[in-house]
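Colleague: Encoded as structure tokens, here's the structure I'll be asking about.
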Amino acid sequence: MNILYLDDEQDILDLAQLFFQDHGLSIDTSSSPSAALAMAETKSYDVILSDARMPEMGGLDFYAILRYKLGYTGRFILVSGHYDSSDKTNIPDGIDALIVKPVEFEQLYQLINRLEIKSQ
């Protein structure tokens with residue numbers, strides 16, 4: 001399984017990379033939305049995770065470009081510290097899940113596995 005994780009907080013990306021590699025998953029990370037879009041143009045990802053708020057581009061704009069300009073049809077998880085974890089009604093169409101920071105990587109790993117099982 002190939003995963004791309006976009007977040008402007010490098011420490012989160014470093015922890016995610018260590019965690020997912022320890023669990024045998026291939027993960028690429030980027031702190032730049034434009035660099036992540038370039039990565040998605042050249043490599044196929046099963047799951048893409050994106051922070052909702054970043055200086056260069058928000059996660060929803062990033063998702064729109066992925067889906068409508070690049071034709072991405074894989075799973076997409078939005079990660080945010082600004083959503084109420086009890087209010088899942090504000091998740092935009094096409095977003096498979098919303099994770100509220102701080103990220104608990106074990107729960108994220110289980111969610112990714114559930115999403116991948118559903119897509120098979």
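The values are calculated or read from the model by the stated rules, or taken from the named source; none is laboratory data. In this text the structure is predicted, and so the values were computed from the model without any measurement. Cβ sites come from the backbone with ideal geometry, for glycine too, and all protein chains shown count toward neighbours.
Colleague: Can you find even one residue in segment 26-45 that is of a type outside the set (Lys, Arg), surrounded by fewer than 17 Cβ atoms within 10 Å (Cβ to Cβ) and in contact (Cβ under 8 Å) with a residue 40 or more places away in the chain?
Modeller: Looking for residues that are of a type outside the set (Lys, Arg), surrounded by fewer than 17 Cβ atoms within 10 Å (Cβ to Cβ) and in contact (Cβ under 8 Å) with a residue 40 or more places away in the chain, one finds at least one in segment 26-45, hence yes.
Colleague: Within segment 30-59, which residues are farther than 11 Å from Leu6 by Cβ and within 11 Å of the chain's Cα centre (by Cα)?
Modeller: Across segment 30-59, the qualifying residues are Asp46, Val47.
Colleague: Still on this structure, please answer the following. Just the residues that are on the phi > 0 side of the Ramachandran plot and modelled with pLDDT of 90 or more, please, taken from segment 62-120.
Modeller: Answer for segment 62-120, where residues must be on the phi > 0 side of the Ramachandran plot and modelled with pLDDT of 90 or more: just Gly71.
Colleague: Here is a further query. Any residue in segment 54-83 that's β-branched (Val, Ile, Thr): show its pairings with residues that are part of a strand (DSSP E or B) at Cβ separation under 7 Å, as long as the two are six or more apart or on different chains.
Modeller: Close Cβ pairs satisfying both conditions: Ile77/Val47; Ile77/Leu49; Ile77/Ala97; Ile77/Ile99; Val79/Leu49; Val79/Ser50; Val79/Asp51; Val79/Ile99.
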